[in-house]
1. Looking only at the range 81-97, filter to residues that are surrounded by fewer than 24 Cβ atoms within 10 Å (Cβ to Cβ) and touching a residue at least 60 places away in the same chain (Cβ under 8 Å); which one of those is farthest from ligand 2 (Cβ to nearest atom)?
2. Looking only at the range 91-110, how many residues end up being part of a helix (DSSP H, G or I), small (Gly, Ala, Ser) and farther than 15 Å from Ala186 by Cβ?
3. Of the conditions (1) within 24 Å of Gly51 (Cα to Cα); (2) surrounded by fewer than 18 Cβ atoms within 10 Å (Cβ to Cβ), Ala231 fails just one. Which one is it?
4. Got a number for residues in the range 114-132 being more than 15 Å from the chain's Cα centre (by Cα) and either under 22 Å from Ser193 (Cβ atoms) or among the small types (Gly, Ala, Ser) (or both)?
5. Only one of (1) hydrophobic (A, V, I, L, M, F, W, C); (2) part of a loop (DSSP other than H, G, I, E, B); (3) surrounded by fewer than 23 Cβ atoms within 10 Å (Cβ to Cβ); (4) out of contact with any Gly (no Cβ under 7 Å at 6 or more places or on another chain) is not met by Ala161, so which one is it?
6. Looking only at the range 16-57, filter to residues that are open to solvent by 50 Å² or more (accessible area, probe 1.4 Å) and more than 16 Å from ligand 3 (Cβ to nearest atom); which one of those is nearest to Thr204 (Cα to Cα)?
7. Any chance the range 44-65 includes a residue that's free of Cβ contacts under 8 Å to residues at least 40 places away in the same chain and away from ligand 1 (no atom under 16 Å from the Cβ)?
8. So, Gly93, is that one in contact with a Cys (Cβ under 8 Å, 6 or more places away or on another chain) and either modelled with pLDDT of 95 or more or of a type in the set (Phe, Trp, Tyr) (or both) or not?
Amino acid sequence: MTDYDKYLRLEKFPLIWCPGCGDGIVLKAMLRAVDRIGLDRNEICMVSGIGCSSRTSGYVDVNTLHTTHGRALTFATGVKMARPDMTVIVVTGDGDATAIGGNHFIHAARRNIDITVVLYNNWIYGMTGGQASPATPRGDRAATAPYGALEPNFDIAALAAGAGASFVARETVAKPLMLDKLIERAIRKKGFSLIEAMVPCPTTYGRRNKAGDGCAMTRDLKQRSVSAKKAATLPPEKLERAILTGVFVDADKPEFTEQYARLVQDLNGQSSPAG
Ligand SMILES: Cc1ncc(C[n+]2csc(CCOP(=O)(O)OP(=O)(O)O)c2C)c(N)n1
Ligand code: SF4
Ligand SMILES: [Mg+2]
């Protein structure tokens, strides 16, 4: 059994999250993954942007950076370049990572730097009152889309895969034990890893879209989950509301900090006096 308290700043409790919010389930899944790998708290740096999800870093007693909106990956990249030995985990939201931070997200994936991103996708800007994010499903209501979002939403896992990530997976908080297994694999994987964790926000998304409370929204996530393997056998009309889960990418590719270290070593070798 994981001793969660060992990793938590209990003096920061109570959490800011609303009753029924799914964010705490992701936090616990992450701690189980870290515990199983056997990482020391000092070996981890957790970096976040701004949002309800990004508040996670404040509660975890590892090295933490709570940065500015959308910029978690830039700070995390700096940490990883300076300390490649560290396990760097970014916690972020769908808005933080794919709206204001979208540029950093695709380029960190393309660079394939060894950072694990745990992205809490609740389809909305939760913290600021429910504005539409690039993940808000078309037609769903938001504070900035009172008649329903007109724009199609990103498939965030597909975005990371297309940009070049080494490991990409999605799971919902309705299956927390699956979620921690995937986070563990993502942390162990060398290269850029994305775990897209689907979480309910009953307060700003749920109310506006009449989706019910946290339990009802979690049940809905469960009912709509279809594994990527099973989805491959189903016709498109059966997948209209489906949330595909599982591992989409698990590839071995050159990792950025290793390539950089090799380059520095080669250049130093070239510039040393002959003989
Ligand atoms: C530069 C800047 N622009 C806007 C904001 C306001 N802001 C704070 S959190 C947030 C959205 C967060 O959405 P998401 O990342 O999905 O996190 P959630 O709250 O849903 O977990 C915004 C727009 C800000 N803090 N800084
Ligand atoms: S507003 Fe939404 S995302 Fe933020 S804590 Fe409340 S339920 Fe969670
Ligand atoms: Mg969000």
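The values are calculated or read from the model by the stated rules, or taken from the named source; none is laboratory data. Given the structure is predicted, the values throughout are model-derived calculations rather than measurements. Backbone-built Cβ (ideal geometry, glycine too); neighbour counts: all protein chains shown. Heads up: the accessible areas ignore ligands, DNA and RNA and are worked out on the full protein's heavy atoms, side chains in. Shrake-Rupley method; radii C 1.70, N 1.55, O 1.52, S 1.80 Å.
1. The initial filter retains those residues of the range 81-97 that are surrounded by fewer than 24 Cβ atoms within 10 Å (Cβ to Cβ), namely 81-87.
If we keep only those that are touching a residue at least 60 places away in the same chain (Cβ under 8 Å) too, we end up with 81, 84, 87.
On the way: Met81: 31, Pro84: 33, Thr87: 26 Å.
Taking the candidates together, the pick is Pro84.
2. So the answer is 3.
3. Result: Ala231 fails condition (1) only.
4. Count: 4.
5. (2)
6. So in the range 16-57, the residues open to solvent by 50 Å² or more (accessible area, probe 1.4 Å) come out as 16, 18-19, 25, 28, 36, 38, 40-43, 50, 55.
Filter once more, keeping what is more than 16 Å from ligand 3 (Cβ to nearest atom): 19, 28, 36, 38, 40-43.
Working: Pro19: 12, Lys28: 23, Arg36: 34, Gly38: 37, Asp40: 36, Arg41: 33, Asn42: 36, Glu43: 36 Å.
Within the range 16-57, the match that is nearest to Thr204 (Cα to Cα) is Pro19.
7. yes
8. Working: in contact with a Cys (Cβ under 8 Å, 6 or more places away or on another chain): yes; either modelled with pLDDT of 95 or more or of a type in the set (Phe, Trp, Tyr) (or both): yes.
Considered against the rule, which asks whether it is in contact with a Cys (Cβ under 8 Å, 6 or more places away or on another chain) and either modelled with pLDDT of 95 or more or of a type in the set (Phe, Trp, Tyr) (or both), Gly93 comes out as yes.
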